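The values are calculated or read from the model by the stated rules, or taken from the named source; none is laboratory data. Small disclaimer: the values here were computed from a predicted structure and weren't measured. Methodologically, a virtual Cβ is constructed for each residue, glycine included, from the backbone with ideal geometry; neighbour enumeration extends over all protein chains shown.
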């Protein structure tokens, strides 16, 4: 059996349950005590989320009545304020409306499931599902049929409950989605009509690099002359805040390959500044604050409020239409600043000889020139995780005043998509629901300069490695999605040049 590398850097047996250690923390909540209404949760972050939902979500019964009578319209729907006793979420403005709403039964069980999952993550128990395995046995093949078979063939700890499966799938959906698309044993094949003929050509080129001959043993010295596989993750948000050892699971699926991941997007998480810079900054702020207080004292004016109070970190930031920017990530040992190289806020971490991570907090079109002449269909691929191509833009409108789709918006994906198609490298896109996938695909056929300019690589359909966990929206708990539910792929159209002869001249 292969050892399992835990988050604490320790090892345990990968088969079956890991024995309970004497040093394991005592859980704050037992497994039969995970259900708590948001307003009475023992955790401040959950209570803060409940308050955010109360300030954002409308009562569904009030919303149904509002505007139904055009001649005598009713007042604007009230905000939710009553916690459902069955799911614990604030769902209606009053108990009366909660009893009237027969539709609530359709999604109440899902909301309760999310409620218990959130409390379980904070319960303080040992989360064995997050103990990730190490190197893959050379003689053992990995299956990408579904989560359960993948976990078994990768020697993960046993997933004994559906809750453990949901937690693990949410953590691993980003790296394993990439692995499941690119691997030679991918479940996306021509026989099940998910992979096209053009797609098989693109993936054959990538797999030539990914499944090259391995060293004996596989070491950094043996890998000096190997080409690096570059994965560009555009519009990155929370995936950029995942711990590097989570992304290392992608490398474990390709033991002979080298990876360089590029997180590019305005919401990419940057690492905390070095301790030396942080100390200098704090000393400068303290000095400026002391000088300001001294000047105020001399002038006899009341002292201003402390800036520490103004910049106090909120307990919970609601997810309204656009996910909030993730917090700064911990600084790894060999993290270096890449501002001079790319001209934008950025960093690079050579995490292992097999994995290098670069994050850039900018739009892709701002840094495309750095890579424009280096793209190679054998080593490069793009991934867009739930980009919202078909959603209306919040900043751009057409000549008629209607909002443009984000796929055509000059401030969002409009300038980016033509650049990606021009590289002739495959572009893989995920969506959070069947409707989201269909909406994004339709947006391409409606966007000038994109429609008719691409070939299909992977046809739209369900992603076997999407998250199993439901995510509820703060602005309306009835809106629930699953991260990376579906996946599809395209590539810039290739036009074959035909050689013709006319009166002895070729053209």
**Item:** Search result, residues across the stretch 398-439 that are at pLDDT 95 or above and assigned to a strand (DSSP E or B)
**Value:** 427, 428, 429, 430, 431
**Asked** Taking the stretch 58-100 as the search range and keeping residues that are in a loop (DSSP other than H, G, I, E, B) and at pLDDT 95 or above, which one is surrounded by the most Cβ atoms within 10 Å (Cβ to Cβ)?
**Response** 89
**Request:** For the stretch 10-57, name all the residues that are on the phi < 0 side of the Ramachandran plot, at pLDDT below 90 and exposed (fewer than 11 other Cβ atoms within 10 Å of the Cβ).
**Result:** 19, 20, 21, 22, 23, 25, 26
**Prompt:** If you go through the stretch 331-390, how many residues are touching a helix residue (DSSP H, G or I) at 6+ places or on another chain (Cβ under 7 Å) and outside any loop (DSSP other than H, G, I, E, B)?
**Reply:** 15
**Message:** Considering only residues that are surrounded by fewer than 17 Cβ atoms within 10 Å (Cβ to Cβ) and without any contact (Cβ under 8 Å) to a residue 60 or more places away in the chain, which ones fall in the stretch 440-475?
**Reply:** 442, 445, 446, 448, 449, 451, 452, 453, 462
**Prompt:** Looking at this structure, is residue 136 farther than 20 Å from residue 427 by Cα and more than 23 Å from the chain's Cα centre (by Cα)?
**Reply:** yes
